[in-house]
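These notes are about the structure you will find just below.
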Amino acid sequence: MSQYEEPGQRAVTVPFLMRNIPSWSVPPVLPGDSWRNVVRNQPVAMICKQTIIDTLVASPWQIASRSPVNDYEHEVDYYTHLIEEQDGGYDVHTELVLSDTLDIPMGGVTEIGRENDEPDGKVLWYQRIDGATCMPSYNLELPVIQWQYTTQPILFPKHAINRMYYSPRPEITRKGWGMAPPERIYLGFELLYRGDRYYANLLLDTPEAGLLDLGDMSYDAASKWLESWRTLLFGTDSLKVPVLYEHVAPAKFIPFGRSPVELAYPQATLRYMQILSAGYGLTLADIGIVEGETGTLAGAIRSERRTSRTGIGVARRKSVAYWGRMLPSYLKFEYIERDDEALVAKGRARLANSMAFRNMVDGKFLEPADALQQMIADGMITVSAVLPKQEPEPVIVDVQQFNHPVANQLQKPVPASNGGAGEIKTPPGAAKSWVVERAETIASEFNKELVQAVVIAGGVPILDDPVVEITNPALLIQLESLVGIEDPTEEITNLIVPFAVPVVGQSITKLWKGE
């Protein structure tokens, strides 16, 4: 019989010291409301969650057409007004849906009302549903069931429901469920919660957990002293001094835990906070707590870039897909990028790509249309772009490269000192010479399509849309001699064809004959 038991006592005496060891593992299944409470009891998690929500709510958005031809202005205005007004507006609805998405395994759930309740019907209204009252099913046609607060489970067809959730579960028994950040990093939540609770208890006006060794005091004396101490601590009197007496050995307090200095609480807490914020795809700098590397501007910029690809980027991508499922196939929901750093980086990329493509186009390695398509595929150009219509370049043909009797008779490029006739050239950009004047005279005399086919001005174009240029002034003399002939078609054709390539010569003949 223990000294604490009474004579004849049958009931079990509870031991004075009991230690309750909590389980250290992720709970297999918890209802949605329990996960919400987990997040609400952790301030850092609430800050991370609200940072993601605030970023998406504050981001400008628009509904645009997927077609570069038709802008669907009426439909765009209708769905823009619907999102701005329905279910409290874009701001309220986004906060509610994202809150469930970031808290519970079911994620955000919304019921959609379509015209005539048809799968491809026009969306008339939508209403957010409490995700904690729903569960997924294995039926692809009826994917969601609402089973709480109703006597009969409600089945939702897939065209009348919309969901947004994180990390789909791979287990067959958990098909259709997600894994929100609190469930993914639950042990991080537990670590930070225990640390906060321990530190908060240190600030309370209560004795630390431990043992008070009263030395050589007897049991009766110690019990009386303990009872008097309780009486002393009761009340509001500020002057309370407990006193020990009738003992020789010194009293000593033996604490159960370790001091905050030994535990290195600030460093440990910072580590737990980093784990928790990383679970949301953020850093401590994103939520306003400056950490080691991001104390500099370069570190902050790297942190923002990483966040735009993880926490904020994933939430934005899921939100775009969520709204897109409520729009027709020819419309899309998109956020308008206002990040200065991203815009500057994209501008530099466009400049570098344009210079590279220009070199490839000039070097005949790539066609302009192919370069444009590549920039669109790389995301450098997001609007419909059409290459400008290019005018055909005139083909300059020099009669000296053809060995023809008529050409040899018209001009011999031999210096006069050697007995030749020399060359007659008109420098580009010079004043109007006799060559140009004679060419204009011939054009006005004939007044035929020949003006659009041949330019004879020593390399200086006369016509607006020439097909060929022949830089041989001697040909002018032969053409001028034909002025006055009633039908000089055959003579002009025979005269021009030797000075041009066959294809050009055939085009000139067809133009002259009016074909």
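Could you go through region 83-97 and let me know if any residue there is hydrophobic (A, V, I, L, M, F, W, C) and either over 23 Å from the mean Cα position of the chain (by Cα) or part of a loop (DSSP other than H, G, I, E, B) (or both).
The answer is no, given that none of the residues of region 83-97 is hydrophobic (A, V, I, L, M, F, W, C) and either over 23 Å from the mean Cα position of the chain (by Cα) or part of a loop (DSSP other than H, G, I, E, B) (or both).
What number goes with the only condition from (1) polar (S, T, N, Q); (2) loosely packed, with under 13 Cβ neighbours inside 10 Å; (3) in contact (Cβ under 8 Å) with a residue 60 or more places away in the chain that Asn116 does not pass?
Answer for Asn116: the failing condition is (3).
For region 337-352, which positions are more than 19 Å from Pro60 (Cβ to Cβ) and either free of Cβ contacts under 8 Å to residues at least 24 places away in the same chain or aliphatic (A, V, I, L, M) (or both)?
Ala345, Gly347, Arg348, Ala349, Leu351, Ala352
Among the residues that make up region 182-198, is at least one of them under 28 Å from Trp35 (Cα atoms), loosely packed, with under 12 Cβ neighbours inside 10 Å, without any contact (Cβ under 8 Å) to a residue 60 or more places away in the chain and not assigned by TED's automatic domain parsing to the domain that holds Asp33?
For region 182-198, residues under 28 Å from Trp35 (Cα atoms), loosely packed, with under 12 Cβ neighbours inside 10 Å, without any contact (Cβ under 8 Å) to a residue 60 or more places away in the chain and not assigned by TED's automatic domain parsing to the domain that holds Asp33: present.
If a residue must be buried (at least 17 other Cβ atoms within 10 Å of the Cβ) and closer than 12 Å to Leu331 by Cα, how many such residues does region 46-63 contain?
Within region 46-63, residues that are buried (at least 17 other Cβ atoms within 10 Å of the Cβ) and closer than 12 Å to Leu331 by Cα number 1.
Kindly indicate the residue of region 180-229 that is modelled with pLDDT of 85 or more and small (Gly, Ala, Ser) and also farthest from the chain's Cα centre (by Cα) among those meeting that condition.
The residue in question is Gly188.
Is region 154-172 home to any residue that is in a loop (DSSP other than H, G, I, E, B), touching a helix residue (DSSP H, G or I) at 6+ places or on another chain (Cβ under 8 Å), without any contact (Cβ under 8 Å) to a residue 40 or more places away in the chain and of a type in the set (S, T, N, Q)?
yes
The values are calculated or read from the model by the stated rules, or taken from the named source; none is laboratory data. These numbers were taken from a predicted model, which means no experiment stands behind them. Quick reminder, even Gly has a Cβ in these numbers, built from the backbone with ideal geometry, and neighbours come from all protein chains shown.
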